[in-house]
Amino acid sequence: MTKKHDQKTIDRKDYKKTLTQLQIELVKLQNHFIKHDDKILIIFEGRDAGGKDGTIKRITQHLSPRETRTVALGKPSDRDAGSWYFQRYVAHLPAAQEMVLFNRSWYNRAGVEHVMGFCTDEQYHEFLETVPGFEQMLVRSGIKLLKYYLDISQDEQKKRLKDREQDPLKQWKSSPIDKSAPKHWKEYSLARNIMLARTHHLTAPWTVVRADDKKTARINVIKDMLFRLDYKGKNEGLVLPDADIIFNYDESYLQNGMIAP
């Protein structure tokens, strides 16, 4: 495997061609899960500016909006704060014939809420204890659950956050939390490491994506999704992901540079 955060890149022409081919495969997948009443849930987590928005956009671009939903919840309301933590997420889970993509999820509690002090230590530890059981319940109910963590280097995050501030079309993405992210890099790294270690389990493992190169990350996330999910007419040769870019979490990757420090 490629060490550290030296990233493979993809030629623009090859990217467009491969993306189109993969989006055709995604349409096949959608036809299959509609026909077979499947329920698919994809969770995207990662650093601020990790590329979640762009990846989700390429996945959903040519899919039917009736059966494909993106969920990106805002700040919890007072009612949310007084409810069971998972309650507001449960309302957005997929029904039969649906694929739902969470742009951040209940893992906010293990990341931004913990680092920025938006939850108590007791709430944080309770979350880490209970989330594997919650996810096991979802999978046993018939939901096909995939969890992706988009990982970028510190230099790449600084570059992307600066680009956001300067681009008038991207300024909606910029928030006070985003702006403070570089100052809390080490705290977020520690929170990420604990989250991955405590919530990576056989029923719902974490898949880590090395996302310094956006195009390469997008292509490999889509390939990995298609590789893991069953559907008729799959182009097996097309959907094999690059193991240097996308891989199941393992603690050793925190030491060998595969996951950014």
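When the residues of the stretch 135-153 are filtered to those that are outside any loop (DSSP other than H, G, I, E, B) and of a type in the set (Val, Ile, Thr), which remaining residue is least open to solvent (accessible area, probe 1.4 Å)?
ILE143
Of the conditions (1) among the hydroxyl-bearing types (Ser, Thr, Tyr); (2) touching a strand residue (DSSP E or B) at 6+ places or on another chain (Cβ under 9 Å); (3) under 30 Å from THR130 (Cα atoms), SER175 fails just one. Which one is it?
(2)
Mind checking which residues of the stretch 220-231 are surrounded by fewer than 13 Cβ atoms within 10 Å (Cβ to Cβ) and in a loop (DSSP other than H, G, I, E, B)?
Selection gives ASP230 alone.
Of the conditions (1) within 29 Å of ILE34 (Cβ to Cβ); (2) of a type in the set (A, V, I, L, M, F, W, C); (3) in contact (Cβ under 8 Å) with a residue 60 or more places away in the chain; (4) open to solvent by 40 Å² or more (accessible area, probe 1.4 Å), ILE177 clears all except one; give me its number.
(1)
Taking the stated definitions as given, is ALA217 among the small types (Gly, Ala, Ser), open to solvent by 20 Å² or more (accessible area, probe 1.4 Å) and assigned to a helix (DSSP H, G or I)?
Considered against the rule, which asks whether it is among the small types (Gly, Ala, Ser), open to solvent by 20 Å² or more (accessible area, probe 1.4 Å) and assigned to a helix (DSSP H, G or I), ALA217 comes out as no.
For TRP185, only one of the following conditions fails: (1) without any contact (Cβ under 8 Å) to a residue 40 or more places away in the chain; (2) open to solvent by 60 Å² or more (accessible area, probe 1.4 Å). What is its number?
If we test TRP185 against (1) without any contact (Cβ under 8 Å) to a residue 40 or more places away in the chain; (2) open to solvent by 60 Å² or more (accessible area, probe 1.4 Å), just (2) comes out false.
Cβ contacts < 7 Å: first residue within 30 Å of ASP230 (Cβ to Cβ), restricted to the stretch 75-101; second residue of a type outside the set (Val, Ile, Thr) and loosely packed, with under 12 Cβ neighbours inside 10 Å, any location; separation 6+ or different chain. Result?
ALA96/ASP37; GLN97/ASP37
Give the residues of the stretch 112-123 that are of a type outside the set (A, V, I, L, M) and over 20 Å from the mean Cα position of the chain (by Cα), sorted by residue number.
The answer is GLY117, PHE118, CYS119, THR120, ASP121, GLU122, GLN123.
Could you please find all residues in the stretch 13-22 being in contact (Cβ under 8 Å) with a residue 60 or more places away in the chain and open to solvent by 10 Å² or more (accessible area, probe 1.4 Å)?
Hits for the stretch 13-22 are TYR15, THR18, LEU19, GLN21.
Take the stretch 66-105 and flag every residue that is among the charged types (D, E, K, R) and within 15 Å of PHE118 (Cβ to Cβ).
The answer is LYS75, ASP78, ASP80, ARG88, ARG104.
Can you confirm whether the stretch 232-254 contains a residue that is touching a residue at least 40 places away in the same chain (Cβ under 8 Å), on the phi < 0 side of the Ramachandran plot, assigned to a helix (DSSP H, G or I) and open to solvent by less than 10 Å² (accessible area, probe 1.4 Å)?
Scanning the stretch 232-254 turns up no residue that is touching a residue at least 40 places away in the same chain (Cβ under 8 Å), on the phi < 0 side of the Ramachandran plot, assigned to a helix (DSSP H, G or I) and open to solvent by less than 10 Å² (accessible area, probe 1.4 Å).
In the stretch 23-42, which residue that is among the charged types (D, E, K, R) and in contact (Cβ under 8 Å) with a residue 40 or more places away in the chain is farthest from ILE219 (Cα to Cα)?
Taking the stretch 23-42 first, the residues among the charged types (D, E, K, R) are 25, 28, 35, 37-39.
From what is left, the residues that are in contact (Cβ under 8 Å) with a residue 40 or more places away in the chain are 25, 28, 37-39.
Numbers: GLU25: 12, LYS28: 17, ASP37: 26, ASP38: 24, LYS39: 23 Å.
It comes out as ASP37.
So that you can scan it fast, the table gives a plain yes or no per residue for (1) among the charged types (D, E, K, R); (2) in contact with a helix residue (DSSP H, G or I) (Cβ under 8 Å, 6 or more places away or on another chain); (3) under 18 Å from VAL27 (Cα atoms):
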site	(1), (2), (3)
SER64	no, yes, yes
LYS75	yes, no, no
ARG88	yes, yes, no
MET99	no, yes, yes
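The values are calculated or read from the model by the stated rules, or taken from the named source; none is laboratory data. Treat the numbers as computed from the prediction; the structure is a model and nothing was measured. Virtual Cβ from ideal backbone geometry, glycine too; neighbours counted across all protein chains shown. What goes into the accessible areas is simple: the full protein's heavy atoms, side chains included, and nothing from ligands, DNA or RNA. Shrake-Rupley method; radii C 1.70, N 1.55, O 1.52, S 1.80 Å.
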